[in-house]
Amino acid sequence: MKLMPILAVAASVFASAALAEVPNLEGREVTVVTENAYPPLQFLDAEGKAIGWEYDAMAEIAKRLNMVVKYENSSWDAMIPAVSEGQFDIGMTGITIKEDRKEKVDFSDAYMRSEMVMLVRGDESRFTDAASFKDNADLLIAAQPGTTPFYVSVYEVLDGDEANPRIKLMETFGATVEALKAGDVDLVLTDGTAGKGYVDASGGGLKIIGGPLGTEDFGFIFPKGSDLVAPVNAAIADMKADGTIDALNKTWFLDYKMGQ
């Protein structure tokens, strides 16, 4: 899987963005929650420091809006309910913009578009695409409940049964990848950004097979009715228009090497 087509799609989506009037939040403090398990968007480096595309983007948003960011961590399955209940001001962890999630939280405008891909061990030869995976009843897939990879696993890879025993549910995305590496499961679905990060860091232990299974747009999440949505959208539009988004894409998807 090459990342350049993904970035090209994103560039075409955002090419028409115009400079926005960015408000001044006068040093307002906001709490941002994340999972730190989704490279290269947000993850812990070899020294345990939290880094990634979303951290750099949020730092840039904070600078443009004159706001102060405090970070907290949460598991994926707890994040949307916690933001919905107002425990945090913003959530970020490569969250796909979906209509059913909009019933619980507000989304920013999309800051990135990516494609769903199949992540497997580097020596995998028993299947080459979704159809051949489905046909082999011995093969297992890992996913986090309620996520886009879970629903794609159910409805595009398997038979539409959300209780299919071939799907092994895990709490974090990192846990699904560790299960794949250990041979406990045979497939993990992820977007191309995270997939490329794990492949690059694996030293040949992981690879991406088959074609993309669809596209998804990522956004930040907020409690319903949050007055931060419009300012953050203005900052995102400003970053698209002046090339900052493109620069972040180059830094994290082309230049950065996982494990360095």
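Considering 207, 196, which residue is touching a Gly at 6+ places or on another chain (Cβ under 8 Å), more than 26 Å from residue 106 (Cβ to Cβ), in the same structural domain as residue 141 (by TED's automatic domain parsing) and not in a loop (DSSP other than H, G, I, E, B)? Step through it out loud before you land on a result.
Details: 196 fails: touching a Gly at 6+ places or on another chain (Cβ under 8 Å).
Going through 207, 196 in turn, just one is touching a Gly at 6+ places or on another chain (Cβ under 8 Å), more than 26 Å from residue 106 (Cβ to Cβ), in the same structural domain as residue 141 (by TED's automatic domain parsing) and not in a loop (DSSP other than H, G, I, E, B): 207.
Which ones in segment 118-159 are crowded, with 20+ Cβ neighbours inside 10 Å and either outside the structural domain of residue 170 (by TED's automatic domain parsing) or among the small types (Gly, Ala, Ser) (or both)?
Correct list: 130, 142, 143, 153.
Restricting attention to segment 40-59, report how many residues are assigned to a loop (DSSP other than H, G, I, E, B) and under 26 Å from residue 237 (Cβ atoms).
3
Among the numbered conditions (1) touching a residue at least 40 places away in the same chain (Cβ under 8 Å); (2) more than 19 Å from residue 130 (Cα to Cα); (3) out of contact with any Lys or Arg (no Cβ under 9 Å at 6 or more places or on another chain); (4) surrounded by 16 or more Cβ atoms within 10 Å (Cβ to Cβ), tell me where residue 195 comes up short.
The failed condition is (2).
Going through 237, 179 one at a time, which residue ends up being farther than 20 Å from residue 41 by Cα, among the hydrophobic types (A, V, I, L, M, F, W, C) and part of a helix (DSSP H, G or I)?
On the way: 237 fails: farther than 20 Å from residue 41 by Cα.
Step by step, each of 237, 179 is checked, and only 179 is farther than 20 Å from residue 41 by Cα, among the hydrophobic types (A, V, I, L, M, F, W, C) and part of a helix (DSSP H, G or I).
Quick check on my filter: what residues within segment 89-105 are surrounded by 20 or more Cβ atoms within 10 Å (Cβ to Cβ) and either farther than 24 Å from residue 55 by Cβ or touching a helix residue (DSSP H, G or I) at 6+ places or on another chain (Cβ under 6 Å) (or both)?
91, 92, 105
Any chance you could count how many residues in segment 219-241 are within 24 Å of residue 39 (Cα to Cα) and surrounded by fewer than 23 Cβ atoms within 10 Å (Cβ to Cβ)? So that I can check it myself, show each step before the final result.
First pass over segment 219-241, keeping only residues within 24 Å of residue 39 (Cα to Cα): 219-222, 232-233, 235-237, 239-240.
Those still in the list that are surrounded by fewer than 23 Cβ atoms within 10 Å (Cβ to Cβ) too: 233, 237.
Total meeting the criteria: 2.
The values are calculated or read from the model by the stated rules, or taken from the named source; none is laboratory data. Nothing here was measured: the structure is a model prediction, and the numbers come from that model. Positions of Cβ are generated from backbone atoms using ideal geometry, with glycine treated the same way; all protein chains shown enter the neighbour counts.
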